Amino acid sequence: MNISEKIKKIKTIDNDVFIIVIILFVGLISFGLGRLSALSENKTPVTVRQGSLQAVENLTGAVANTQLPASPAGGSTSSVDSNLGGEDKLFVASKNGTKYHYPWCSGAQRINEENKVWFDTKEEAEKAGYTPASNCKGL
């Protein structure tokens, strides 16, 4: 056997190994893609639904009718005044700001009570010079 015959023999072995490696990679990739598709089919999608206005009004009414605990100084319990704080209003803004929010939005919850301005409608808030908050969905 001379050297050129040995080189030809090695080349044929290289081709066979290359083909076997390609077949293995295609099989592994196909298996991985199959597993990924099976995993995504079994997961249920997450849906986020916005609460109804009636539910929010019911919640606000329930809070307004609760009794406060006795004060440490020995004061008596009293019910929360339903007209205080604008429970019947749907939009709130800050005296110092330019945006209006729904009362349950995160931006509205950061406004100090003494700086809150309440509005019945969007038009009323916009008439006063306020614009909708971009981080409050639904405005």
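The values are calculated or read from the model by the stated rules, or taken from the named source; none is laboratory data. As the structure is a computational prediction, the values presented were derived from the model and not from experiment. Cβ placement follows ideal geometry from the backbone for every residue including glycine, while neighbour counts extend to all protein chains displayed.
Of all the residues in segment 124-139, those that are out of contact with any Gly (no Cβ under 9 Å at 6 or more places or on another chain) and part of a loop (DSSP other than H, G, I, E, B) number 6. Only one of the numbered conditions (1) among the acidic types (D, E); (2) at pLDDT 80 or above; (3) in contact with a strand residue (DSSP E or B) (Cβ under 9 Å, 6 or more places away or on another chain) is not met by E5, and that is (3). Tell me which residues, restricted to segment 88-121, are surrounded by 17 or more Cβ atoms within 10 Å (Cβ to Cβ) and hydroxyl-bearing (S, T, Y). Matches in segment 88-121: S94, Y100, Y102. Just to verify a result, which residue in segment 122-139, among those that are of a type outside the set (D, E, K, R) and at pLDDT 90 or above, is surrounded by the fewest Cβ atoms within 10 Å (Cβ to Cβ)? By that ranking, first place goes to G129.
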